1. When 1/r is averaged over all different Cα pairs and the result inverted, which Kirkwood radius in Å belongs to the chain?
2. If I require 20 Å or longer along the helix axis, counting alpha carbons, and a Kyte-Doolittle average no lower than -1.0, what helices from the chain are left? Use full DSSP H segments.
3. Taking a 1.4 Å probe, which of Lys50, Lys11 shows the most accessible area, and what order do the others take after it?
4. Of Ala89, Gly124, Ile63, which is farthest towards the positive pole of the chain's charge dipole, taken about the Cα centre with +1 and -1 on the beta-carbons of Lys, Arg and Asp, Glu respectively?
5. About the Cα centre of region 33-114, what is the dipole size in debye to 20, counting +1 per Lys and Arg Cβ and -1 per Asp and Glu Cβ, all else neutral?
6. Quick check for me: using +1 on Lys/Arg Cβ and -1 on Asp/Glu Cβ, what's the dipole size of the chain about its Cα centre, in debye to the nearest 20?
7. Could you tally the net charge around Met126, taking each other residue with its Cβ under 13 Å from the Cβ of Met126, Lys/Arg +1 and Asp/Glu -1?
8. Where nothing but the Cβ of Lys and Arg (+1) and of Asp and Glu (-1) is charged, how large is the charge dipole of region 100-159 around its Cα centre, in debye to the nearest 20?
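The values are calculated or read from the model by the stated rules, or taken from the named source; none is laboratory data. The model shown is predicted, which means the values in this text are computed figures rather than measured ones. Here Cβ is always computed from backbone atoms with ideal geometry, including for glycine, and neighbour counts include all displayed protein chains. With ligands, DNA and RNA removed, areas are computed over all heavy atoms of the protein, side chains included. Shrake-Rupley method; radii C 1.70, N 1.55, O 1.52, S 1.80 Å.
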Amino acid sequence: MTAPVGEDAIKHFYGDPHIFVRDDGTVSPLWEARMTVVAFPSPLPLGWDKSKLAKGARVNHEIADEVDRACRIIAREGLWPRLRTFDGAYAFRAQRGSSTKTSLHSFGAALDFNAETNQLGMTGDMDMGIVQLFEACGWTWGGRWKRSDPMHFQFGSGY
């Protein structure tokens, strides 16, 4: 599967969450019904509460197989333990630093890992083997952006 490029392609591929926003600013359960949980090869501690484990990630059903494939390859290559924490997937919200642009997390098209040491604007310490495997599976890594976001991987670009 090829990741969508550009706003129109992303909205066509995933659907447009904006049409599901209610008058009170919350998102309709009809949009959230497009999300599904993809099991991880093994649980990861939650970045915001390391006493709890994430057994999977909630993502748009359109990329459930892509998430599963990338995670299985990372595990098969022995790199899964280098993902120290899981820090988020689907979350209906604006892009960090913007009050108007919707994050790819709102589409259920993004995953965050190892946030504590890979914060927005940092170089970070994301394992380059993990980065290379995600990219080989068609994902975009936020660590390559002008405003680096090294915890972030997304299936789609140009939005």
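1. Details: mean 1/r = 0.0632 Å⁻¹.
Computed over the chain, the radius equals 15.8 Å.
2. Numbers: long enough: none.
Helix filter hits for the chain: none.
3. Values: Lys50 110, Lys11 50 Å².
Largest accessible area first, the residues go Lys50, Lys11.
4. Going by the charge dipole, the pick is Gly124.
5. On the way: 13 positive and 8 negative charges, 43 e Å.
Dipole size: approximately 200 debye.
6. Working: 18 positive and 19 negative charges, 54 e Å.
Value, rounded to 20: 260 debye.
7. Numbers: positive: Arg82, Arg84, Arg144; negative: Asp87, Asp112, Glu116, Asp125, Asp127, Glu135, Asp149.
Neighbour charge sum, excluding Met126 itself: -4.
8. Values: 4 positive and 6 negative charges, 68 e Å.
That gives a dipole near 320 debye.
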